[in-house]
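S.K.: Handing you this structure, nothing more for now.
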Amino acid sequence: MSSPTTNTPVNTTKVTGRRELHFTKLADIQAEAERLAAGPVRQLGNWTLGQTFSHLARTMKMSLDGSDFRAPWYIRLLAPLLKNKFLRQTMKPGFKLTGDAARQLVAEVPVPTPDGLDDLRKTMDRMNCEPQRHPSPVFGPMTREEWDQLHLRHSEMHLSFFVPE
C-alpha cells in the first residue's frame, strides 16, 4: 500500500481523487473492506487502512456497548436538527475527534491491516447478531436502523480515501 509522500498531515477536506461510495447494507462495508485489504491500494488520507478499519470497528462497538463520552451540550442541542442529513448523505471529511472521543475511537498505535480487518469482521458479526443499540454521544437515542445508516455513511467517507490499484 502506498501512502502520502510527506510526513505532513493531509488536509482531508482538500483531497482529490477520492472514490464515491454508497453502501445500502452493513454487508457492503465488509465486502469493501475485504476487497481493499486484498490490496494493493493507494492511500489518499492520513490514516492507514488498518487504522481506518480499527476506527470503523470502534465506532460500531460504541453503538453496541455505549460510549465513555458525550458531545458538548451545544452540539447535542443542535444534533437533532442535523441527524437526518447524517443518516442520508455521505459525511464530509475533515472533522477532528478530540479528548475522550479520540481516545475511544482512534487507535493510539499503528494498526496492521490484518489486525484492523479482523477487528472489523468480529464487530460486524456482533452488529448482525446483537439487537441492542446504545444512545449516540451526539444524537442521543437511536434505533438499530438509524445506527446502521450512520455506520454506512461513516464508512463511505473513510473508505473513500483508499483507491484500489
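S.K.: Among the residues of the stretch 133-165, write down those that are over 17 Å from Glu34 (Cβ atoms), among the small types (Gly, Ala, Ser) and crowded, with 19+ Cβ neighbours inside 10 Å.
M.R.: The answer is Ser136, and nothing else.
S.K.: Within the stretch 100-117, track down each residue that is free of Cβ contacts under 8 Å to residues at least 12 places away in the same chain and either surrounded by 14 or more Cβ atoms within 10 Å (Cβ to Cβ) or outside any helix (DSSP H, G or I) (or both).
M.R.: Glu108, Val109
S.K.: Okay, next question. What residue, among those in the stretch 79-93 that are surrounded by 12 or more Cβ atoms within 10 Å (Cβ to Cβ) and not polar (S, T, N, Q), is nearest to Lys25 (Cα to Cα)?
M.R.: Looking only at the stretch 79-93, we keep the residues that are surrounded by 12 or more Cβ atoms within 10 Å (Cβ to Cβ), and these are 79, 82-83, 86-87, 90-91, 93.
Now narrow it down to the ones that are not polar (S, T, N, Q): 79, 82-83, 86-87, 91, 93.
Working: Ala79: 24, Leu82: 22, Lys83: 19, Phe86: 16, Leu87: 13, Met91: 16, Pro93: 21 Å.
Among those residues, the one meeting the criterion is Leu87.
S.K.: Hey, another quick one. Name the residue, out of Thr123, Thr90, that is polar (S, T, N, Q) and in a loop (DSSP other than H, G, I, E, B). Reasoning before the result, please.
M.R.: Details: Thr123 fails: in a loop (DSSP other than H, G, I, E, B).
After ruling out the rest, the residue left standing is Thr90.
S.K.: Anything in the stretch 131-165 that is under 23 Å from Arg42 (Cβ atoms) and in contact with a Pro (Cβ under 9 Å, 6 or more places away or on another chain)? List them, or say none.
M.R.: Across the stretch 131-165, the qualifying residues are Met157, His158, Ser160, Phe161, Pro164, Glu165.
S.K.: Another question, then. Restrict the check to the stretch 46-62 and report whether at least one residue is farther than 25 Å from Thr143 by Cα, among the polar types (S, T, N, Q), touching a residue at least 12 places away in the same chain (Cβ under 8 Å) and outside any helix (DSSP H, G or I). Don't jump to the end; show me each part of the working.
M.R.: Start the filter on the stretch 46-62 by keeping residues that are farther than 25 Å from Thr143 by Cα, which leaves 46-51.
Checking the rest, the ones that are also among the polar types (S, T, N, Q) come to 46, 48, 51.
Right, trim to touching a residue at least 12 places away in the same chain (Cβ under 8 Å) and you get 46, 48, 51.
Subsequent filtering for residues that are outside any helix (DSSP H, G or I) retains 46, 48.
For the stretch 46-62, residues farther than 25 Å from Thr143 by Cα, among the polar types (S, T, N, Q), touching a residue at least 12 places away in the same chain (Cβ under 8 Å) and outside any helix (DSSP H, G or I): present.
S.K.: Restricted to the stretch 6-45, and to residues that are of a type in the set (D, E, K, R) and part of a loop (DSSP other than H, G, I, E, B), which residue is nearest to Asp118 (Cα to Cα)? Before you say what the answer is, go through the steps one by one.
M.R.: Of the stretch 6-45, the ones of a type in the set (D, E, K, R) are 14, 18-20, 25, 28, 32, 34-35, 42.
Those still in the list that are part of a loop (DSSP other than H, G, I, E, B) too: 14, 18-20, 25.
Working: Lys14: 31, Arg18: 24, Arg19: 24, Glu20: 25, Lys25: 19 Å.
Ranking the candidates gives Lys25 first.
S.K.: A further question follows. Output yes when any residue across the stretch 71-79 is touching a helix residue (DSSP H, G or I) at 6+ places or on another chain (Cβ under 6 Å) and either closer than 28 Å to Arg35 by Cβ or part of a loop (DSSP other than H, G, I, E, B) (or both), and no when none is.
M.R.: First pass over the stretch 71-79, keeping only residues touching a helix residue (DSSP H, G or I) at 6+ places or on another chain (Cβ under 6 Å): none.
Scanning the stretch 71-79, I find no residue that is touching a helix residue (DSSP H, G or I) at 6+ places or on another chain (Cβ under 6 Å) and either closer than 28 Å to Arg35 by Cβ or part of a loop (DSSP other than H, G, I, E, B) (or both), so the answer is no.
S.K.: Does Val163 qualify as being of a type in the set (A, V, I, L, M, F, W, C), in a loop (DSSP other than H, G, I, E, B) and more than 20 Å from Asp68 (Cα to Cα)? I'd like the intermediate steps shown before the answer.
M.R.: Values: of a type in the set (A, V, I, L, M, F, W, C): yes; in a loop (DSSP other than H, G, I, E, B): no; more than 20 Å from Asp68 (Cα to Cα): yes.
Considered against the rule, which asks whether it is of a type in the set (A, V, I, L, M, F, W, C), in a loop (DSSP other than H, G, I, E, B) and more than 20 Å from Asp68 (Cα to Cα), Val163 comes out as no.
S.K.: Could you tell me whether Pro114 is farther than 20 Å from Ala33 by Cβ and not charged (D, E, K, R)? Let's see the steps before the verdict.
M.R.: Numbers: farther than 20 Å from Ala33 by Cβ: no; not charged (D, E, K, R): yes.
Here the answer is no, as Pro114 does not meet what is asked.
S.K.: State all residues of the stretch 118-132 that are in contact (Cβ under 8 Å) with a residue 12 or more places away in the chain and either surrounded by fewer than 19 Cβ atoms within 10 Å (Cβ to Cβ) or touching a His at 6+ places or on another chain (Cβ under 7 Å) (or both); if no residue qualifies, say none. Don't jump to the end; show me each part of the working.
M.R.: Keep residues of the stretch 118-132 that are in contact (Cβ under 8 Å) with a residue 12 or more places away in the chain, which gives 119-124, 126-128, 130-132.
If the condition is that a residue be in contact (Cβ under 8 Å) with a residue 12 or more places away in the chain and either surrounded by fewer than 19 Cβ atoms within 10 Å (Cβ to Cβ) or touching a His at 6+ places or on another chain (Cβ under 7 Å) (or both), then Arg121, Lys122, Arg126, Asn128, Glu130, Pro131, Gln132 are the ones that fit.
S.K.: Still on this structure, please answer the following. From the list Leu44, Leu87, which residue is over 25 Å from Arg126 (Cβ atoms) and in contact with a Lys or Arg (Cβ under 8 Å, 6 or more places away or on another chain)? Talk me through it step by step, then tell me what you get.
M.R.: Working: Leu87 fails: over 25 Å from Arg126 (Cβ atoms).
None of the others qualify; the one that does is Leu44.
S.K.: Same structure again: Among (1) surrounded by 12 or more Cβ atoms within 10 Å (Cβ to Cβ); (2) of a type outside the set (S, T, N, Q); (3) free of Cβ contacts under 8 Å to residues at least 40 places away in the same chain; (4) part of a helix (DSSP H, G or I), there is one condition Leu97 misses while meeting the rest; what is its number?
M.R.: Exception for Leu97: condition (4).
Since every read-out is calculated from the coordinates, none of them should be taken as a lab result. As the structure is a computational prediction, the values presented were derived from the model and not from experiment. Cβ coordinates were reconstructed from backbone atoms using ideal geometry, including for glycine residues, and neighbour counts include every protein chain displayed.
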